[in-house]
Amino acid sequence: MTRLTPRQLLLVLAICAALALVSLHSITMRPVIKDAAQNLQMGIDVARDGTMSLEEVAPFKPSMYREPLPVVVDAAAVALVDHLDGRSASNAYFSGPRARLVKLPNVLWVLLLWLAVFSAARRFTGSYLLAVIAGLLAVKPFLSGEDGVDGLYTELPAVALMTLSLNFLLATETRRAAGWAVATGLGFGLLTLTKAATLYVFAFLVLVLAVASAVGWLWADGRRRLAHLALLIVSFGIVVTPWMLRNLQLFGHARISSRGGLVLYTRGLMDQVTPLEYRGTFYVWARPSIQRYLGALLGFSQRDLEQGGRLQRLSEDARTSVYKHDVVAEAAGRPQAAISFHRQARAERVRLETSYDHEGRAHPEVDADESMQKEGMQLVKSHFGANLALAMPLMWRGAPVIFPALLIALVYALRAKRYALALFVLPAFATLVFYALATHFEPRPSLVAHSSAAVATIVLLQALWRWWYAGARQSAVARRAFAEYHQVREREVPGE
C-alpha cells in the first residue's frame with residue numbers, strides 16, 4: 001500500500017475536521033436513557049467514589065452489571081466536567097448541558113472509526129476514493145441519534161475498536177512484526193471490555209487463526225506464526241484477566257458482566273414459540289416501513305400484539321395493553337403472571353433476586369443472573385432445533401441487510417482466495433451469528449458489524465466492476481479480431 005500524497009493527506013484531515021464538526025453539531029442535551037443511563041451512573045460512581053457501582057446514593061456496592069471500558073470513559077468525562085465547571089448533583093449529567101459535555105468523547109470514536117475503515121478499505125481496494133467512500137458509509141449511522149454520537153451506548157466505541165483491531169490483525173499477517181500481534185490482542189481485549197459477547201468471538205477467531213496458519217493460508221513462517229498467535233492471546237489476557245479476577249474475588253464469578261443470564265434465559269423462552277408465532281416473528285420484527293405490508297401478506301395486525309392476541313407473547317411495544325399488564329407482573333416478581341417472553345424473563349430475575357436477598361446473599365443480583373444463565377442454557381439445549389430455526393427471523397430482526405452483505409463477502413473472499421478479506425469479515429460475521437443464536441437480537445447491537453459490512457460492500461462492488469469491465473473488454477477485443485479476420489478473408493478471396 002503506497003503512502004498518501006500530500007494532497008490526499010490534506011483531504012483526509014479535511015474530512016476528519018468535517019466529521020468532527022458534524023458530530024459536535026449532532027450532540028445535544030437529549031436525556032441519557034436505558035442502558036446508556038446505567039453506563040453513565042456507573043461512571044459517576046467511579047468518578048465520585050472510585051467504585052464501579054450502579055447505586056444512585058451511598059453506600060456504593062460494587063457491580064459487574066455493565067462492561068467496564070465505557071464506564072471508565074464516562075467517568076473520565078464526568079471528572080473533567082467536575083474539574084472545569086464545578087461539581088453538581090448526579091441527575092444533572094443525565095440531561096441538559098452536562099449531559100452534552102459527557103457525550104463529547106464520541107467525537108473521538110467517530111474519527112477513530114473513519115480512519116480505521118479508510119485504512120482497511122484502502123488496503124483491500126488499492127483505491128483512495130473507494131476508501132474515503134467506505135469510511136463515510138461506515139460512520140453515517142453514528143453521526144446522529146442516541147445510538148451514535150448523541151448517546152452513551154456501547155456500539156460506537158465497540159465498532160471503532162473492532163475495526164482498529166482488525167487493522168492490527170491485517171498488519172500482523174502482512175508485515176509479520178510481533179508488535180502488531182500484541183496490538184491486536186490489546187485491541188480485542190479492550191473490545192471485550194466494551195462488549196462482553198466478543199469474548200466468544202475472540203476465542204473463535206483464535207481457533208480460525210490456528211487452523212488457517214496450520215494449512216498455510218496465513219503467516220507462512222511456522223515458528224513466527226506460533227509466536228504471534230501466542231503474543232496475541234497473552235496480550236488479550238493481560239487486558240481482560242484483571243477485570244475477570246476482580247469479579248471472581250468480589251462476586252465468585254469470573255465473568256465480564258452479569259447480564260448474560262437474563263439474555264440467555266429470554267432466548268430460551270423464545271425458543272418455545274408455536275408455529276403460528278414463528279410465522280408472526282417475521283411480521284413483528286420487520287422494519288416499521290414494511291411491517292404493515294408484511295402483516296397484510298402474512299395475515300397479522302397490531303391487534304395480534306394486544307392482550308388475547310395471537311402474538312401477545314412476542315409483544316414488547318410500550319403502547320400495548322400487554323406492556324401495561326406485564327410491567328406490573330415484573331415489578332411483583334411474578335413470571336407466571338407475565339404474558340410476553342421478554343417480561344417473563346425479567347420478572348423471573350426479580351423473583352430470584354428477591355429470594356436470594358431474603359436468604360441473605362451478599363450479591364443476589366449476580367447470583368440470580370448466574371442461575372438464569374444455567375436455566376437458559378438448559379432451555380436452549382432442550383429446544384436446540386427451535387433455537388436454530390429462530391435464528392433466521394432474529395437475523396431478519398437484527399441484521400436484515402448487514403448479515404447478507406457479510407455472508408456474500410465471506411463466500412467471495414474464500415472462493416477468490418482473498419484470505420485477508422475473509423479474516424477481516426469473519427469477526428463481524430461471527431458476532432451476528434452469536435447474537436442470532438444466543439440472544440433476542442435487537443437491531444442496535446448489529447451496528448458493531450456495520451463497518452465491516454461497509455468495507456465488504458465496497459470491495460464486492462469493485463470486484464464486480466472489474467469482472468464486468470474485463471468481460472466487456474474481452475468482448476470488444478473478440479469483436480475487433482473477428483472483424484479483422486473477415487477483412488483479411490475478403491482481401492484473400494474476393495467476392496466470397
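The values are calculated or read from the model by the stated rules, or taken from the named source; none is laboratory data. Predicted, not measured: the structure shown is a model, and the values here were computed from it. Counting neighbours? That spans all protein chains shown, and the Cβs are built from the backbone with ideal geometry, glycine included. Surface accessibility is based on the protein's heavy atoms, side chains included, excluding ligands, DNA and RNA. Shrake-Rupley method; radii C 1.70, N 1.55, O 1.52, S 1.80 Å.
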Those residues of region 19-37 which are open to solvent by 50 Å² or more (accessible area, probe 1.4 Å) and either in a helix (DSSP H, G or I) or at positive phi (or both) amount to Leu21, Val22, Leu24, His25, Lys34, Asp35
Tyr412 more than 15 Å from the chain's Cα centre (by Cα), at pLDDT below 95 and among the hydroxyl-bearing types (Ser, Thr, Tyr) = no
Identify the residue in region 162-208 that is open to solvent by less than 10 Å² (accessible area, probe 1.4 Å) and touching a His at 6+ places or on another chain (Cβ under 9 Å) and, among all such residues, is nearest to Ala453 (Cα to Cα).
-> Thr184
In region 32-84, how many residues are within 17 Å of Asp369 (Cβ to Cβ) and among the acidic types (Asp, Glu)?
-> 2
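Checking the conditions here, which among Ala177, Ala183 is farther than 27 Å from Ala438 by Cβ and modelled with pLDDT of 95 or more? Give the derivation first.
Numbers: Ala177 fails: modelled with pLDDT of 95 or more.
Result of the check over Ala177, Ala183: Ala183.
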Tally, over region 408-418, of residues that are touching a residue at least 12 places away in the same chain (Cβ under 8 Å) and touching a helix residue (DSSP H, G or I) at 6+ places or on another chain (Cβ under 7 Å) = 5
Taking only region 38-53 into account, find how many residues are touching a Ser or Thr at 6+ places or on another chain (Cβ under 6 Å) and surrounded by fewer than 19 Cβ atoms within 10 Å (Cβ to Cβ).
-> 0
Checked pairs for region 291-318, first part of a loop (DSSP other than H, G, I, E, B), second open to solvent by 40 Å² or more (accessible area, probe 1.4 Å) and of a type in the set (Lys, Arg), C-beta under 8 Å and 6 or more apart or across chains, list as Phe300/Arg310; Gly309/Arg303
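Have a look at Glu375, Glu348 and point out the one that is open to solvent by less than 60 Å² (accessible area, probe 1.4 Å), under 21 Å from Phe441 (Cα atoms), among the acidic types (Asp, Glu) and modelled with pLDDT of 95 or more. Working first, answer last.
Numbers: Glu375 fails: open to solvent by less than 60 Å² (accessible area, probe 1.4 Å).
Of Glu375, Glu348, the one residue that is open to solvent by less than 60 Å² (accessible area, probe 1.4 Å), under 21 Å from Phe441 (Cα atoms), among the acidic types (Asp, Glu) and modelled with pLDDT of 95 or more is Glu348.
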Unmet requirement for Val380, which otherwise passes all of (1) in contact (Cβ under 8 Å) with a residue 60 or more places away in the chain; (2) open to solvent by 60 Å² or more (accessible area, probe 1.4 Å) | (2)
In this structure, is Val234 more than 30 Å from Leu311 (Cα to Cα), in a helix (DSSP H, G or I) and touching a residue at least 12 places away in the same chain (Cβ under 8 Å)?
-> yes
Ala212 versus (1) under 20 Å from Leu161 (Cβ atoms); (2) open to solvent by less than 40 Å² (accessible area, probe 1.4 Å); (3) more than 23 Å from the chain's Cα centre (by Cα): which is the lone unmet condition?
-> (1)
Name the pairs: first residue in region 41-65 and without any contact (Cβ under 8 Å) to a residue 24 or more places away in the chain and over 9 Å from Ala75 (Cβ atoms), second residue among the polar types (S, T, N, Q) and part of a helix (DSSP H, G or I), Cβ to Cβ under 7 Å, at least 6 apart or on different chains?
-> Leu54/Gln38; Leu54/Gln41
Determine, yes or no, whether Val411 is over 30 Å from Ala212 (Cβ atoms) and not aromatic (Phe, Trp, Tyr).
-> no
Selection from region 270-283 of residues surrounded by 21 or more Cβ atoms within 10 Å (Cβ to Cβ), part of a helix (DSSP H, G or I) and of a type in the set (A, V, I, L, M) yields Met270
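Would region 45-57 turn up any residue that is under 30 Å from Met244 (Cβ atoms), in a helix (DSSP H, G or I), under 20 Å from the mean Cα position of the chain (by Cα) and aliphatic (A, V, I, L, M)? Quick ask: steps written out before the conclusion?
Within region 45-57, the first condition is being under 30 Å from Met244 (Cβ atoms), and the residues that meet it are 45-57.
Next, from what is left, pick out any that are in a helix (DSSP H, G or I): 45-49.
From the residues that got through so far, the ones that are under 20 Å from the mean Cα position of the chain (by Cα) too are none.
Checked against the condition, which is being under 30 Å from Met244 (Cβ atoms), in a helix (DSSP H, G or I), under 20 Å from the mean Cα position of the chain (by Cα) and aliphatic (A, V, I, L, M), region 45-57 yields no hits at all.
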Mind listing whichever residues of region 103-157 are open to solvent by less than 10 Å² (accessible area, probe 1.4 Å), assigned to a helix (DSSP H, G or I) and touching a Lys or Arg at 6+ places or on another chain (Cβ under 8 Å)?
-> Ala131, Glu155
Sort out which residues of region 319-334 are assigned to a helix (DSSP H, G or I), of a type in the set (Gly, Ala, Ser) and surrounded by 15 or more Cβ atoms within 10 Å (Cβ to Cβ), and write them in order of number.
-> Ser321, Ala329
Quick check: is even one residue across region 225-241 within 22 Å of the chain's Cα centre (by Cα), over 30 Å from Lys417 (Cα atoms), surrounded by 14 or more Cβ atoms within 10 Å (Cβ to Cβ) and of a type in the set (A, V, I, L, M, F, W, C)?
-> yes
